[in-house]
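A.B. asks: To start, I am sharing the structure in question, which I have written as structure tokens.
The values are calculated or read from the model by the stated rules, or taken from the named source; none is laboratory data. Since the model is a prediction, treat every value here as computed from it, not as a measurement. Cβ placement follows ideal geometry from the backbone for every residue including glycine, while neighbour counts extend to all protein chains displayed. Surface accessibility is based on the protein's heavy atoms, side chains included, excluding ligands, DNA and RNA. Shrake-Rupley method; radii C 1.70, N 1.55, O 1.52, S 1.80 Å.
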There are 4 protein chains.
Amino acid sequence: MPSRHAPAYIAVVGPGDSATAAALATAEQVGALLAQAGAVLVCGGLGGVMEAACRGASEAGGTTLGILPGSDRAAANRWVTIVVATGLGELRNGLVVRSADAVIAAAGEYGTLSEIALALKAGKPVLGLGTWDIRGVREAADPAEAVALALG
Amino acid sequence: MPSRHAPAYIAVVGPGDSATAAALATAEQVGALLAQAGAVLVCGGLGGVMEAACRGASEAGGTTLGILPGSDRAAANRWVTIVVATGLGELRNGLVVRSADAVIAAAGEYGTLSEIALALKAGKPVLGLGTWDIRGVREAADPAEAVALALG
Amino acid sequence: MPSRHAPAYIAVVGPGDSATAAALATAEQVGALLAQAGAVLVCGGLGGVMEAACRGASEAGGTTLGILPGSDRAAANRWVTIVVATGLGELRNGLVVRSADAVIAAAGEYGTLSEIALALKAGKPVLGLGTWDIRGVREAADPAEAVALALG
Amino acid sequence: MPSRHAPAYIAVVGPGDSATAAALATAEQVGALLAQAGAVLVCGGLGGVMEAACRGASEAGGTTLGILPGSDRAAANRWVTIVVATGLGELRNGLVVRSADAVIAAAGEYGTLSEIALALKAGKPVLGLGTWDIRGVREAADPAEAVALALG
């Protein structure tokens with residue numbers, strides 16, 4: 001557990017290029033709300049939901065951590081504050097989950113599903129915004145509720 | 001792709017200690033059938049479905065590869081031929097999937113779900129035997145069908 | 001390669017608890033100089049040389065990235081800006097190296113040697129300040145020279 | 001610790017394509033001796049010293065485990081019994097070390113040095129045959145001595 005004054009780290013996960021406009025808008029709101037709450041936003045560092053969430057956080061003055069599958073930092077979206085270029089491929093999904101206290105999933109494809117599963121396996125809260133219907137995922141009504149629940 | 005004469009590597013994934021007797025019986029049959037087909041059985045190396053599958057394979061003269069979450073080889077079940085003690089925790093699930101040409105899931109909890117998701121993300125066939133109902137998983141009628149489909 | 005305006009990421013590696021006072025003073029200077037140059041300081045996130053470097057960077061207004069071996073963020077030293085809790089054990093050394101454009105080694109034990117070796121294997125510059133005498137490591141006269149060479 | 005009757009796992013590490021004829025001959029002898037002693041030979045699965053050691057072990061009836069940097073099993077040399085295709089790049093060196101009780105280094109470049117360092121960090125015996133001159137590496141007179149010391 002982080003100390004009382006340490007920031008929360010919250011992962012925002014969801015599809016990359018295949019994200020819908022609605023998912024992007026949701027992710028951007030989530031990012032902004034996390035930044036306003038002083039949380040560090042953790043994500044996979046690429047496009048789609050990851051980029052939208054980082055943009056929202058960044059424009060609200062927040063800090064974002066992008067954990068990339070490849071080994072080239074330049075692949076990170078421009079709103080990532082700190083880049084970790086892992087070279088681990090999809091195994092980096094596990095590091096996104098490990099780095100976070102809770103996970104917010106906005107929509108989602110198979111990579112997202114792996115992150116949801118790993119988070120639930122680790123006993124971390126998973127909040128859903130139109131994502132996979134998996135036992136253990138708590139579907140939130142909107143970004144504000146997802147962020148409030150993630151920050152516990 | 002392995003060469004024409006190389007053995008297939010098929011992962012068998014499913015719950016550990018929480019496996020039901022039915023899941024264990026299914027896994028053992030899958031293991032035996034994989035061994036009879038000359039495939040290498042890949043799994044997470046621990047108990048439950050992993051152990052039952054390895055026992056089935058081993059008793060049929062097959063070879064099993066157990067990829068453990070911890071760093072102590074002694075944690076492997078006794079039917080594992082070759083142990084890789086990764087010390088990676090649940091990230092080893094990704095290595096189970098990477099090592100395999102296809103995945104057969106017998107029942108399953110969250111760790112299993114992460115393996116299913118990673119396999120589908122990588123475009124590998126996933127055959128289900130009473131496992132998570134996820135788009136992309138092909139539910140098989142019985143172990144024989146699952147093994148036949150996995151071996152393609 | 002990062003874009004022209006992206007910050008450089010420079011790893012500072014060296015012993016933890018066994019660091020000498022001289023190594024700590026060196027590391028702190030390296031950290032301060034990296035921060036003044038606008039670089040992100042990457043390290044293993046724990047004590048000794050890692051902590052001294054982070055303190056130097058932090059007090060000079062810089063950003064530090066700590067990539068921990070364990071899965072508990074609270075293990076990071078207090079001068080780490082962003083923590084990645086990997087749970088990978090010593091394999092996280094490889095992520096420290098991958099995340100960096102160059103490595104500065106201040107003194108060093110076996111973990112440090114593994115980072116030097118992985119950096120040289122990847123073709124990244126390694127600058128030494130009283131560290132292992134390994135072909136390929138460029139020994140620097142002082143922290144200023146090490147930082148100048150690392151920033152190339 | 002493996003149980004009393006479990007086989008020892010011994011890693012053989014050294015250069016790939018750049019290996020000299022002498023290093024290859026040494027590695028092949030090491031492999032044969034390990035097989036005769038009933039040990040499982042662990043290596044990085046590629047060419048050079050890795051291949052020579054596997055050939056020696058295989059021709060003596062032994063079992064070899066090749067832990068590849070890439071994600072394609074077909075990259076393994078033909079003497080590997082069981083392949084783990086990690087997709088982790090050089091981080092797989094850490095898995096070679098973790099999978100082994102002791103390490104024998106025949107010659108060696110930077111990748112080898114990283115394996116030596118990680119093994120020493122983990123407190124595992126490292127036997128050298130013309131490899132890096134690092135404190136903690138015990139240089140052996142010949143393959144027979146290296147294998148005897150590795151098997152403890």
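A.B. asks: Counting pairs of alpha carbon atoms under 8 Å apart in space and at least six apart in sequence, what relative contact order in percent does chain D give?
C.D. replies: Relative contact order here is 24 percent.
A.B. asks: Given labels modelled 7 Å from the Cα in the Cβ direction, how far is it in nm from B:Ser18 to C:Glu145?
C.D. replies: Result: 6.0 nm between the two label points.
A.B. asks: May I pose another question? Assuming a ≥ b ≥ c are the square roots of the Cα gyration tensor eigenvalues, decide whether segment B:33-146 counts as rounded (a/c under 1.5), prolate (otherwise, with a/b larger than b/c) or oblate.
C.D. replies: Oblate is the answer for segment B:33-146, as a/c is 1.5 or above yet b/c matches or exceeds a/b.
A.B. asks: To confirm my reading of the symmetry, which residue of chain A has the Cβ nearest the axis that brings A onto C, and what whole-Å distance does it have?
C.D. replies: A:Ile82, 2
A.B. asks: Give me the accessible area per residue for the protein assembly as shown, probe 1.4 Å, as a whole number in Å².
C.D. replies: Heavy-atom SASA per residue in the protein assembly as shown reads 36 Å².
A.B. asks: Next question. Distances from A:Ala60 to the same position in the other copies: list them in nm, one decimal, shortest first, using label points 7 Å from Cα along Cα→Cβ.
C.D. replies: When each copy's label point is compared with this one, the spacings are 3.4, 5.4, 6.4 nm.
A.B. asks: In addition: Please compute, for peptide A:75-84, the average count of beta-carbon atoms on other protein chains lying within 10 Å of each residue's beta-carbon.
C.D. replies: Mean partner shielding for this stretch: 4.
A.B. asks: A follow-up question, please. Rounded if a/c is under 1.5, else prolate if a/b beats b/c, else oblate: with a ≥ b ≥ c from the C-alpha gyration tensor eigenvalues square-rooted, which is the protein assembly as shown?
C.D. replies: Because a/c hits 1.5 or more and a/b fails to exceed b/c, the protein assembly as shown counts as oblate.
A.B. asks: Can you send over the solvent-accessible area of C:Ile134, 1.4 Å probe, protein chains only, in Å² to the nearest 10?
C.D. replies: My reading of the accessible area for C:Ile134 is about 10 Å².
A.B. asks: Need the C-alpha centroid separation for segment D:27-91 versus segment C:61-117, integer Å.
C.D. replies: Here the two parts' Cα centres lie 30 Å apart.
A.B. asks: Based on DSSP H runs of at least 4 residues, each adding -39500 (n - 2.57), what is the mean residue ellipticity at 222 nm of chain B after dividing by all its residues, to the nearest 500 deg cm²/dmol?
C.D. replies: Value at 222 nm, helices only: -11000 deg cm²/dmol.
A.B. asks: Would you work out what percent of the accessible area of segment A:5-152, with all protein chains in place, is carbon or sulfur (probe 1.4 Å)?
C.D. replies: Percent of accessible area from carbon and sulfur atoms in segment A:5-152: 50.
A.B. asks: Taking both sides together, what accessible area is buried at the C/D interface, probe 1.4 Å, expressed in Å² and rounded to the nearest 100?
C.D. replies: So the buried area, both faces added, is about 1900 Å².
A.B. asks: Tell me the accessible surface of D:Met50 in square angstrom (1.4 angstrom probe, heavy atoms of protein chains only), to the nearest ten.
C.D. replies: Rounded to the nearest 10, the figure is 20 Å².
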